[in-house]
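Enquirer: Pasting in a structure now, in structure tokens, and then I'll have a few things to ask.
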Amino acid sequence: MQRYKIKIAYDGTLFCGFQRQQSDPTIQKALEEALEHLDGAFVPVVGASRTDAGVHALGQVAHFDLNKPRDPFSVLKALNARLPKEIRVVEVNSVDCDFHARFHAKKKIYTYTLSTSFQQSPFHRLHSLHFPYKLNSSLLEAGCQILKGTHDFKQFANTTTEKNRPPSTVRTLFDVFTTQENEFITLSFIGDGFLYNMVRNLTGALLEVAQEKISIEMLSSLLGPMVLQRNYTTQPAHALCLKEIFY
């Protein structure tokens, strides 16, 4: 038996997230169906991050075991031949049997992209949020600085049941910053892990700060274990992308 580590890029528009569901299309389900043809039996896939419905990825990582070992390039070609065109395996490596895509991840980068043009191009609508509103760049930068470091991000996690509530909501953001190219503003979040909807909630809060609707002090007060009244909106999934995972 051989374990493989794969890097995957996908357009998540038509998928209900990464994790397999009963009947809805997911990235994990598509990978497992492709692997079953390759190995002649069901092959479970373990993903590093459970991206939500509509979220994209350039650098998702997963692992699986094959009973019939093959060279990595053959695995890559075989998978891409059977996967939907919205999903592509971009890298395959043989790894030790104790490698775990999720538990061994040290750092992840998520990006959230805004399109600030008056009229958004239809070619950008599935991968960026149309946001043609005035933003205070100095306040946006100050908000990013506030979020950096180790905090309790409980206020920024959407959890509806005890089952999906993590044992700890403390996470470390190594860096949070913005870049701008033409009409696009991209917010980048680099952290050791992320809670459910955390990046979309943090983006919502930062946009409120940059529009001068909430203060930097209010943003800072949200970083703690107390549950306060939310004064920001969870931003849509389609502008979010899992860019890279480090091990």
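Enquirer: For the stretch 26-49, does any single residue satisfy the condition of being touching a Lys or Arg at 6+ places or on another chain (Cβ under 7 Å), surrounded by fewer than 19 Cβ atoms within 10 Å (Cβ to Cβ) and β-branched (Val, Ile, Thr)?
Expert: Yes, the stretch 26-49 contains at least one residue that is touching a Lys or Arg at 6+ places or on another chain (Cβ under 7 Å), surrounded by fewer than 19 Cβ atoms within 10 Å (Cβ to Cβ) and β-branched (Val, Ile, Thr).
Enquirer: Has the stretch 210-230 got at least one residue that is over 20 Å from Gln155 (Cβ atoms) and in the same structural domain as Thr111 (by TED's automatic domain parsing)? Outline the logic, then answer.
Expert: First, the residues of the stretch 210-230 that are over 20 Å from Gln155 (Cβ atoms): 212.
Restricting the remaining residues to those that are in the same structural domain as Thr111 (by TED's automatic domain parsing) gives 212.
Taking every residue of the stretch 210-230 in turn, at least one turns out to be over 20 Å from Gln155 (Cβ atoms) and in the same structural domain as Thr111 (by TED's automatic domain parsing).
Enquirer: Only one residue in Lys85, Lys29, Lys5 is modelled with pLDDT of 95 or more, over 14 Å from the mean Cα position of the chain (by Cα) and part of a helix (DSSP H, G or I). Which one?
Expert: Numbers: Lys85 fails: part of a helix (DSSP H, G or I); Lys5 fails: part of a helix (DSSP H, G or I).
The conditions single out Lys29.
Enquirer: Among (1) on the phi < 0 side of the Ramachandran plot; (2) assigned to a loop (DSSP other than H, G, I, E, B); (3) surrounded by fewer than 19 Cβ atoms within 10 Å (Cβ to Cβ); (4) outside the structural domain of Phe177 (by TED's automatic domain parsing), where does Phe73 come up short?
Expert: Only one criterion in (1) on the phi < 0 side of the Ramachandran plot; (2) assigned to a loop (DSSP other than H, G, I, E, B); (3) surrounded by fewer than 19 Cβ atoms within 10 Å (Cβ to Cβ); (4) outside the structural domain of Phe177 (by TED's automatic domain parsing) is unmet by Phe73, namely (2).
Enquirer: Still on this structure, please answer the following. Scan the stretch 128-143 and tell me whether some residue there is of a type in the set (Lys, Arg), over 21 Å from the mean Cα position of the chain (by Cα) and in the same structural domain as Thr186 (by TED's automatic domain parsing). Walk me through how you get there before you give the answer.
Expert: Pass one, the stretch 128-143, residues of a type in the set (Lys, Arg): 134.
Restricting the remaining residues to those that are over 21 Å from the mean Cα position of the chain (by Cα) gives 134.
Still in the list and also in the same structural domain as Thr186 (by TED's automatic domain parsing): 134.
Checking the stretch 128-143: at least one residue is of a type in the set (Lys, Arg), over 21 Å from the mean Cα position of the chain (by Cα) and in the same structural domain as Thr186 (by TED's automatic domain parsing).
Enquirer: Show me the strands (runs of 3 or more DSSP E) entirely contained within the stretch 112-229 in which 1 or more residues are within 17 Å of Leu242 (Cα to Cα) and not basic (Lys, Arg). Before the answer, list the steps.
Expert: Working: elements: 149-152, 170-181, 184-191.
It comes to 170-181, 184-191.
Enquirer: Which one of Gly59, Gly47 is over 24 Å from His124 (Cα atoms) and out of contact with any Pro (no Cβ under 9 Å at 6 or more places or on another chain)? Full working, then the answer.
Expert: On the way: Gly59 fails: over 24 Å from His124 (Cα atoms).
Of Gly59, Gly47, the one residue that is over 24 Å from His124 (Cα atoms) and out of contact with any Pro (no Cβ under 9 Å at 6 or more places or on another chain) is Gly47.
Enquirer: So, in the stretch 76-122, of the ones that are aliphatic (A, V, I, L, M) and within 24 Å of Ser188 (Cβ to Cβ), which residue ends up surrounded by the fewest Cβ atoms within 10 Å (Cβ to Cβ)? Give the derivation first.
Expert: Taking the stretch 76-122 and keeping what is aliphatic (A, V, I, L, M), we get 76, 78-79, 81, 83, 87, 89-90, 92, 95, 101, 105, 109, 114.
Of the ones still in play, those that are also within 24 Å of Ser188 (Cβ to Cβ) are 87, 90, 101, 105, 109, 114.
Numbers: Ile87: 20, Val90: 13, Ala101: 22, Ala105: 16, Ile109: 18, Leu114: 23.
Selected residue: Val90.
Enquirer: Kindly indicate whether Val61 is closer than 30 Å to Thr234 by Cα, at pLDDT 95 or above and surrounded by fewer than 20 Cβ atoms within 10 Å (Cβ to Cβ). Steps first, please.
Expert: On the way: closer than 30 Å to Thr234 by Cα: yes; at pLDDT 95 or above: yes; surrounded by fewer than 20 Cβ atoms within 10 Å (Cβ to Cβ): no.
Considered against the rule, which asks whether it is closer than 30 Å to Thr234 by Cα, at pLDDT 95 or above and surrounded by fewer than 20 Cβ atoms within 10 Å (Cβ to Cβ), Val61 comes out as no.
Enquirer: Select from the stretch 8-25 the residues that are over 17 Å from His238 (Cβ atoms) and either surrounded by 22 or more Cβ atoms within 10 Å (Cβ to Cβ) or modelled with pLDDT of 95 or more (or both) and list them in ascending order.
Expert: Ile8
Enquirer: Taking into account only those residues within the stretch 195-247 that are aromatic (Phe, Trp, Tyr) and at pLDDT below 95, which is surrounded by the most Cβ atoms within 10 Å (Cβ to Cβ)? Break it down stepwise before answering.
Expert: Narrowing the stretch 195-247 to residues aromatic (Phe, Trp, Tyr): 196, 232, 246-247.
Then keep just the ones that are at pLDDT below 95; that gives 196, 232.
Working: Tyr196: 16, Tyr232: 21.
Among those residues, the one meeting the criterion is Tyr232.
The values are calculated or read from the model by the stated rules, or taken from the named source; none is laboratory data. Here the structure is a predicted model, which is why all the values come from computation and not from measurement. Here Cβ is always computed from backbone atoms with ideal geometry, including for glycine, and neighbour counts include all displayed protein chains.
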